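First the structure, in the form of C-alpha cells, and then the observations on it.
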Amino acid sequence: QVQLVESGGGLVQPGGSLRLSCAASGIIFSLNDMGWYRQAPGKQRELVAVISRGGSTNYGDSVKGRFTISRDNAKKMVYLQMNSLKPEDTAVYYCNARRATASRWGQGTQVTVSS
C-alpha cells in the first residue's frame, strides 16, 4: 500500500521558516520523481517544487530563491525548506510521487503564514 505522509506544517509569522517532511512507503522511492504542490482556498493546486530521481530540481516562480527541496533516498524522505515565508504562501501543501503514469498524493499539511 502506497503511503505519503506529510508533516511539519503549522502557523508561522511572515518572514519565518518551516521545514516540511514527507515520508514515503509502498513505493520504490529512488525511482520516483518527488514533488511538493500547494492549494490555497479557492485556487487551483500549483507546483511548488519537484526533485527528479536523479536529483534535478525545479521550482514554481513564486518560491524561487526562498524554498529548497531535497530528498534522502535511504530514508525514503523528501523535504521542503521554506524561508522568508509570506502570507500568500498560506495553503495546504501536498507531497507527490510520480513514476511514469502513476501519481500518488499525500493527505496534505496546512501551512499558515500570518501575524
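The values are calculated or read from the model by the stated rules, or taken from the named source; none is laboratory data. Please read all numbers here as calculations on a predicted model, not as lab measurements. We place every Cβ from the backbone using ideal geometry, glycine too, and count neighbours over all the protein chains shown. These area figures cover heavy atoms from the full protein model, side chains too; ligands, DNA and RNA do not enter into them. Shrake-Rupley method; radii C 1.70, N 1.55, O 1.52, S 1.80 Å.
Computed from phi, the 3J(HN,Hα) profile of the stretch 66-78 under the Karplus parametrisation 6.51, -1.76, 1.60 (θ = phi - 60°) reads 10, 10, 9, 9, 8, 9, 10, 5, 5, 8, 6, 10, 10 Hz, with x in place of Gly and Pro. DSSP finds beta bridges in the chain, and of those with both partners inside it, around 95 percent are antiparallel. With a simple spin-label model that places each label point 7 Å from the Cα along the Cα-to-Cβ direction, the separation between S115 and R98 comes to 3.7 nm. Spin-label model, N73/L47: points 7 Å from Cα along the beta carbon direction are separated by 2.2 nm. Here the chain exposes an accessible surface that is 46 percent carbon and sulfur, computed with a 1.4 Å probe and the other protein chains kept in place. Loop-located trypsin sites (Lys or Arg not before Pro) across the stretch 8-53 with a Cβ neighbour count of 15 or fewer within 10 Å are K43, R45, with loop assigned by DSSP. Across the stretch 3-63, Cα-Cα pairs more than 15 Å apart make up 63 percent of the total. Remark: relative contact order (the chain) = 36 percent; criterion is Cα-Cα distance under 8 angstrom and separation of 6 or more residues.
Take the chain with all the other protein chains still there, run a 1.4 Å probe, and you get 53 Å² of accessible area per residue. Among I69, G26, A97, which residue has its Cα furthest toward the positive end of the charge dipole of the chain, with +1 on Lys/Arg Cβ and -1 on Asp/Glu Cβ? The Cα lying farthest towards the positive end belongs to G26.
Computed 3J(HN,Hα) for the stretch 107-114, one whole-Hz value per residue from the Karplus formula 6.51 cos²θ - 1.76 cosθ + 1.60 where θ = phi - 60°, is 8, x, 9, 7, 10, 10, 10, 7, glycine and proline marked x.
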